[in-house]
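One structure is given here, and the rest of the page talks about it.
Taken together, the values in this text are just the output of simple stated rules run on the coordinates, not laboratory data. No experiment lies behind these values; they were computed from the predicted model shown. No Cβ is skipped: glycine too gets one built from the backbone with ideal geometry, and neighbour counts run over all protein chains shown.
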């Protein structure tokens with residue numbers, strides 16, 4: 001019987017090299033290099049993540065600048081008596097790290113619309129407005145309007161300063177029982193609503 005003389009594949013050789021102890025460097029220096037490399041990677045990654053959360057980044061493609069950004073500039077979220085501005089990422093990107101990362105990964109697939117020109121004109125955008133709005137409304141509903149609650153909370157609301165209708169609708173216990181969240185009543189608060197049909 002012939003002995004199996006087949007050489008190990010590239011993957012097996014790489015794994016063997018990685019498992020072999022270092023002759024040149026001490027374990028302490030390897031750990032220190034890994035720790036410093038990890039900090040540098042984390043800092044660069046987090047910086048890039050935050051850079052994609054700016055208003056300038058969000059409106060850098062003409063699809064957003066020419067359409068939803070122009071609408072947003074007419075709303076109370078852009079200009080108000082209090083000088084507080086909610087930008088795109090405040091509503092469309094969760095603030096906590098885990099959900100933010102998941103949303104950012106999902107957003108990379110939305111680049112397809114930009115690359116293919118699916119919404120590159122006002123007419124194309126308007127034709128897809130309902131579909132795009134339904135996706136965002138669904139995302140907000142699924143999270144219980146988490147993005148809205150980053151800035152708005154029942155504890156901070158001055159119900160006495162609200163209209164009687166708003167006071168009734170903002171009853172926290174009733175909202176919890178009904179399963180409704182902010183987006184169920186406040187669609188179109190920052191962007192035009194899709195035309196019916």
Helix 122-142 versus the longest principal axis of the chain: what angle, 0 to 90°, nearest 10, using Cα atoms?
80
Calculated FRET efficiency for the pair residue 46/residue 112, C-beta based, R₀ 30 Å, to 0.05:
0.70
Report D for region 71-120 in µm² per second (integer): Stokes-Einstein, Kirkwood Rh on Cα pairs, 20 °C, 1.002 mPa s.
166
Tell me the mean residue ellipticity at 222 nm calculated for the chain from its helices only (DSSP H runs of n ≥ 4, each -39500 (n - 2.57), averaged over every residue, nearest 500).
-15000 deg cm²/dmol
Under a Gaussian network model of the chain whose springs join Cα atoms within less than 10 Å, the largest fluctuation of 121, 108, 59 belongs to 108
On the formula 1/(1 + (r/R0)^6), with r taken between the Cβ atoms of residue 172 and residue 97 and R0 of 25 Å, the FRET efficiency rounded to 0.05 is 0.40
Most mobile listed residue (85, 130, 24) in the chain, GNM with C-alpha springs under 10 Å:
24
Relative exposure of 63, 126, judged by other C-beta atoms within 10 Å (fewest first)
126, 63
Residues 10, 30 arranged by fewest to most Cβ contacts within 10 Å
10, 30
Please give the per residue volume of the convex hull enclosing the alpha carbon atoms of region 106-197, rounded to a whole number of Å³.
129
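Please work out the ratio of the alpha-carbon Rg of the chain to 2.2 N^0.38 Å and round it to two decimals.
1.53
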Compute the separation of the alpha-carbon centres of region 103-142 and region 162-197 and state it in Å as a whole number.
23
Dividing the alpha-carbon radius of gyration of region 3-75 by 2.2 N^0.38 Å, where N counts its residues, gives 2.17
How do 100, 79 line up, fewest other C-beta atoms within 10 Å first?
79, 100
Quick check: the angle from helix 27-51's long axis to the longest principal axis of the chain, C-alpha only, nearest 10 degrees?
30
Among 142, 33, 86, whose mean-square fluctuation peaks in a Gaussian network model of the chain (Cα, cutoff 10 Å)?
33
For helix 10-19, report the angle its Cα long axis makes with the longest principal axis of the Cα atoms of the chain; keep it between 0 and 90° and round to the nearest 10°.
90
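So, by mean Cβ neighbours within 10 angstrom, what's the order for 37-44, 166-173 with the highest one leading?
Those peptides, ordered most packed to least, come out 166-173, 37-44.
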